[in-house]
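K.L.:
The structure under discussion is supplied below as C-alpha cells; questions concerning it will follow.
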Amino acid sequence: MNDITFAGKQLKTFNVLEHAHEDWELIYCTGGEGEMLWQGEKLPYAAGDAVIVPPGLLHCNYSAGGFTNYHIRIEKDCTLTAEKIFKISDDAEGHLKTCFEAAFFHFNGEKDKRSLLLSAYGNLIVSYVTAFSERSALSPVTEKIRSDILKNFPSPDYKIEDFLHALPFNYDYLRKLFKKETGVTPHEYLAAMRMQTAEKLLSGDKIYNVTEISEMCGFNEPLYFSRMFKKTYGVSPLNYAKNRR
C-alpha cells in the first residue's frame, strides 16, 4: 500500500525542470533552500523540510544558491491524501531524515531484502508525514526564527539571541513560544542543526578534519565542537567517522 518505488539522492542542484510522476514524490531537503513551483503557486523550503507532491501534478524546482536532497516515490494508491503540494518540517532530532536515508540505502542495497524493507520504510515515512502534517502550523514568528536558524547556523558568528532580541517581542515570550510549537528552545534547535550537519559530513565520502567540520557547522573552537559532538552521539567525531566508514 505504501511501498517505495524509487529512492534517489541529489547533490548540489539549482534547477529541476517541470515534470510529473505517476506516483507520489516526497523530497527531503538536506541542505540549502529553494522554491517548488506549480500552477502559478510557489512553496519555499529549506534544510529539514520535506515537500510532498501528489501524483500527476506538474512542478519544477528552483534554487538560487543550490540545494541537496533525498527524494523517494511512493505508489500512487498509498494512504496519503492531498490535492496540492505541501511541506512538513522534521523534528529537531531528524527522525524523518533518518527514514529517507535508510530508504535510499536499501533501495540501492541487496535485492533479496529490498522489497520488505522498502515496504516497512514506506509505511513509516507516510506515518511521519501524516503525523507531522497534523501538527499545528507554526506561528509566523516561530517560522521566522526557524528560517533564520536554518539560513545562518553554519556561520560561527551567528548568535540566535541577537536575532531574538531584534524582534519586536519579549525575549522570554519568544523562547517559550518557540518551545511550545517545536518542542525545543531556539538554542536547542540551533545546536541540533549543527550536530546533524556534522554527523552528515562525518558520514560522507569526502574526508574532513575536525577543524574543517567544526568551522562548517558554526563552531569557532574544534575542541568545544568535539565535546558537544561526543555529548550528543556518545563518541568523538574521529571515532564516529571511523565507525561509519
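K.L.:
Taking the range 219-245 as the region of interest, how many residues are of a type outside the set (Lys, Arg), under 22 Å from Leu190 (Cβ atoms) and surrounded by 14 or more Cβ atoms within 10 Å (Cβ to Cβ)?
P.N.:
Qualifying residue count, the range 219-245: 11.
K.L.:
Right, next: Whether any residue in the range 190-208 is in a helix (DSSP H, G or I) and farther than 20 Å from Thr30 by Cβ is what I want to check.
P.N.:
For the range 190-208, residues in a helix (DSSP H, G or I) and farther than 20 Å from Thr30 by Cβ: absent.
K.L.:
Does the range 132-186 hold any residues that are modelled with pLDDT under 90, of a type in the set (S, T, N, Q) and either outside any helix (DSSP H, G or I) or open to solvent by 80 Å² or more (accessible area, probe 1.4 Å) (or both), and which are they?
P.N.:
Ser136, Ser139
K.L.:
Additional query: Under the condition of being open to solvent by 40 Å² or more (accessible area, probe 1.4 Å) and hydroxyl-bearing (Ser, Thr, Tyr), which residue from the range 90-131 is nearest to Gln10 (Cα to Cα)?
P.N.:
Thr98
K.L.:
Moving to a separate point now. Is it true that some residue in the range 72-89 is surrounded by fewer than 18 Cβ atoms within 10 Å (Cβ to Cβ), under 30 Å from Asp162 (Cα atoms) and among the small types (Gly, Ala, Ser)?
P.N.:
No - not one qualifying residue is present in the range 72-89.
K.L.:
Here is a follow-up. Within the range 1-54, how many residues are under 23 Å from Arg114 (Cβ atoms), part of a loop (DSSP other than H, G, I, E, B) and touching an Asp or Glu at 6+ places or on another chain (Cβ under 8 Å)?
P.N.:
4
K.L.:
Against the conditions (1) assigned to a helix (DSSP H, G or I); (2) surrounded by 20 or more Cβ atoms within 10 Å (Cβ to Cβ), where does Thr211 fall short? Just the number, please.
P.N.:
Of everything listed in (1) assigned to a helix (DSSP H, G or I); (2) surrounded by 20 or more Cβ atoms within 10 Å (Cβ to Cβ), Thr211 misses just condition (2).
K.L.:
When the residues of the range 14-70 are filtered to those that are without any contact (Cβ under 8 Å) to a residue 24 or more places away in the chain and out of contact with any Lys or Arg (no Cβ under 9 Å at 6 or more places or on another chain), which remaining residue is surrounded by the fewest Cβ atoms within 10 Å (Cβ to Cβ)?
P.N.:
If we take residues in the range 14-70 being without any contact (Cβ under 8 Å) to a residue 24 or more places away in the chain and out of contact with any Lys or Arg (no Cβ under 9 Å at 6 or more places or on another chain), then Gly40 is surrounded by the fewest Cβ atoms within 10 Å (Cβ to Cβ).
The values are calculated or read from the model by the stated rules, or taken from the named source; none is laboratory data. Predicted, not measured: the structure shown is a model, and the values here were computed from it. We place every Cβ from the backbone using ideal geometry, glycine too, and count neighbours over all the protein chains shown. Side chains are part of the model used for accessible areas, which takes the heavy atoms of the whole protein and leaves out ligands, DNA and RNA. Shrake-Rupley method; radii C 1.70, N 1.55, O 1.52, S 1.80 Å.
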